[in-house]
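To start, the structure itself, in structure tokens.
All of the numbers you see were taken from the coordinates with simple rules; none came from a lab. Just so it is clear, the model here is predicted, and its values are computed rather than measured. Cβ atoms come from the backbone with ideal geometry, glycine included; neighbour counts cover every protein chain shown.
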Amino acid sequence: MPTILSIKDLRKSYASGFEALKGVSIDIEEGEIIALLGPNGAGKTTLISTVCGITMPTSGSVSVGGYDILTDYRKARSLIGLVPQEIALEPFERVINTVRFSRGLFGKGRKDAAVEDILKRLSLWDKRDAQIRELSGGMKRRVLIAKALAHEPRVLFLDEPTAGVDVELRKDMWDIVEQLRGDGVTTILTTHYIEEAEAIADRVGVIANGEILLVEDKDKLMARMGQKQLDVQLTSQLDTIPPALAGYDLALSNDGWTLVYSYDTKGERTGITKLLTDVAASGLQLRDVVTRQSSLEDIFVSLVRKDEEDAA
């Protein structure tokens, strides 16, 4: 698929000397869903604000659909829809007029069929004549998405779109993003919910301290960096790992009832068979054996922790 958004060596510094973005580079393809993960203050919102023209970059370049965000800012901005973190809506305006107004801001003519389609897809059609102040927090977030889609953008930024909403509404949002992909819309979302990225993203980008640590296909990332963990649950409690098992990379659970063994799924041998034989030979009796795969959250935490250690 062709590249719809290209960011090259993007930097953003403030008068105080603080560098919020440190040479960020990423190419995003048309129609893909990419999740940007990072702790608070990592630079996620600054990156989005810069691409959307809210914040001026210090250096670097950004193009959307081939249009530079500085030299062709009107054309570039017309291709972008933004759903911000904050809910900033006119409380006494009606839902349908709010969406129509957003369409007009981009010079789009009145198109009632398009507005109706957006409101129906977001389950807002029955609320079209309601004032914004009458809506729940979750419905207001839907209005923000409707506003962002009103001018029919090709790139949609969702900055923490499901923050503070219930699980059911969060899953509805995921369905909406998947529908937009079917229309060829590219979606970039920032999120604190790791399961959100795991559920809907094609690729995952991890950002920390203003730098992109990696951008990779989600499944490949989990296969490359994910480890499996074997929990050997015992019938008797231990204070320490027996000397006979010292040759294994084992950890003892805090309660002393479980031996934890991590192994690489890509290795020729996992070592599990020999481990279990040696556990039995050491006089320990097994109550149960449980395996689990590293989650995206585990990988994210390890990457950010390593970056912080390197910075220190």
Note to self: Could you give each residue of region 82-97 its phi-based ³J(HN,Hα) in whole Hz, using Karplus coefficients 6.51, -1.76, 1.60 with θ = phi - 60°, and x for Gly or Pro?
What the structure shows: 10, 10, x, 5, 7, 8, 10, 10, 6, x, 9, 7, 7, 4, 5, 5
Check: Which one, (1) 388; (2) 202; (3) 179, gives volume of the Cα convex hull per residue in Å³ as derived from the coordinates shown?
Finding: (3)
Next item on the list: Would you mind working out the magnitude of the charge dipole of region 103-223 relative to its Cα centre, with +1 at each Lys and Arg C-beta and -1 at each Asp and Glu C-beta, to the nearest 20 Debye?
Entry: 660
Notebook entry, point to check: Which net charge results when you count Lys and Arg as +1 and Asp and Glu as -1 among the other residues whose beta-carbon is under 12 Å from that of I4?
Noted result: -3
Checklist line | Using alpha-carbon coordinates, inclination of helix 296-311 to the longest axis of the chain, degrees | finding: 90
Next item on the list: Would you calculate a helix-derived [θ] at 222 nm for the chain, using -39,500 (n - 2.57) for each DSSP H run of n ≥ 4 and dividing by the full residue count, to the nearest 500?
Entry: -10000 deg cm²/dmol
Check: What is the Cα centroid distance between region 6-77 and region 179-196, reported in whole angstrom?
Finding: 17
Notebook entry, point to check: Taking N as the number of residues in region 227-293, what is its alpha-carbon radius of gyration divided by 2.2 N^0.38 Å?
Noted result: 1.04
Notebook entry, point to check: Which of I194, Q131, T273 sits farthest toward the positive end of the charge dipole of the chain, with +1 on the Cβ of Lys and Arg and -1 on the Cβ of Asp and Glu?
Noted result: Q131
Next item on the list: Return the lysines within reach of K274: Cα separation strictly under 17 angstrom, same-chain partners fewer than 8 residues apart disregarded; answer none if there are no such residues.
Entry: K228
Next item on the list: Mind putting a number on the dipole of region 3-223 about its Cα centre? Charges go on the C-beta only, +1 for Lys and Arg and -1 for Asp and Glu, and I need it in Debye to the nearest 20.
Entry: 860
Notebook entry, point to check: Against the longest principal axis of the chain, how steep is helix 112-121, in degrees 0 to 90 to the nearest 10, with axes from Cα atoms?
Noted result: 20
Item checked: Degrees separating the helix 272-281 axis from the principal Cα axis of the chain, which is the longest one -> 40
Item checked: Dipole-positive endmost among G38, I80, V24 within region 1-104 (Cβ charges, Cα centre) -> I80
